[in-house]
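A.B. asks: Quick one: the structure is below, and I'll ask about it shortly.
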Amino acid sequence: MSPTPIITTLHVASLDVGNHVGVERQMPVGAAVLTATLQGPQVLFSLDSCILRPSDPTDKLLLWLDQHLMREGVTIAGYRLNDAVAMVDRLPGAE
């Protein structure tokens, strides 16, 4: 049996932490996904998000992304994904 088609749209929210000192330093502070899953003749939609609090470790966002993006059959879409991936890759613990 082939996997169920899943389309996930990803957006990574960022904050420019260097803005006040004239240095561009985008830092991811959260993410949101909209997922469409085909189940028979129906398409099921789900929306989920993760926003880091200042005291949260970055691992929280990385684990959340893994849970939503690393499933079998997922096709990931989004605007400026290369920029988002580069930003997330700079987080401590990202691989």
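The values are calculated or read from the model by the stated rules, or taken from the named source; none is laboratory data. Note that the structure is predicted; figures quoted are calculated from it, not measured. In this analysis, Cβ positions are derived from the backbone assuming ideal geometry, glycine residues included, and neighbour counts consider all displayed protein chains. Side chains are part of the model used for accessible areas, which takes the heavy atoms of the whole protein and leaves out ligands, DNA and RNA. Shrake-Rupley method; radii C 1.70, N 1.55, O 1.52, S 1.80 Å.
A.B. asks: As an exercise, use a Förster radius of 35 Å and the Cβ-Cβ distance of SER55 and ILE7 to find the FRET efficiency, rounded to the nearest 0.05.
C.D. replies: With R0 = 35 Å, the Cβ-Cβ based efficiency is 0.55.
A.B. asks: Right, here's the next one. Tell me, what ³J(HN,Hα) does each residue in segment 68-76 have, in order and in whole Hz, if you take phi through Karplus 6.51 cos²θ - 1.76 cosθ + 1.60 with θ = phi - 60° and put x for Gly and Pro?
C.D. replies: 9, 10, 9, 8, 5, x, 7, 10, 9
A.B. asks: How many percent of the accessible area of the chain is carbon or sulfur, using a 1.4 Å probe?
C.D. replies: It is 58 percent, rounded to a whole number.
A.B. asks: Along each of the three principal axes of the Cα atoms of segment 1-62, give the extent in whole Å, ordering the values from largest to smallest.
C.D. replies: 54, 22, 18
A.B. asks: With a probe of 1.4 Å, find how much accessible area the chain has per residue, and write the answer as a whole number in Å².
C.D. replies: 72
A.B. asks: Say the dipole of the chain comes from +1 at the beta carbon of Lys and Arg and -1 at that of Asp and Glu; which of MET27, LEU63, THR37 then lies farthest toward its positive end?
C.D. replies: In the chain, that residue is THR37.
A.B. asks: Can you give the extra length, in nm with one decimal, that the chain gains between ASN19 and ALA77 once fully stretched, where that is 0.36 nm per residue apart less the Cα-Cα distance?
C.D. replies: Values: separation 58, 0.36 × 58 = 20.88 nm, distance 2.85 nm.
Gain on extension, ASN19 to ALA77, equals 18.0 nm.
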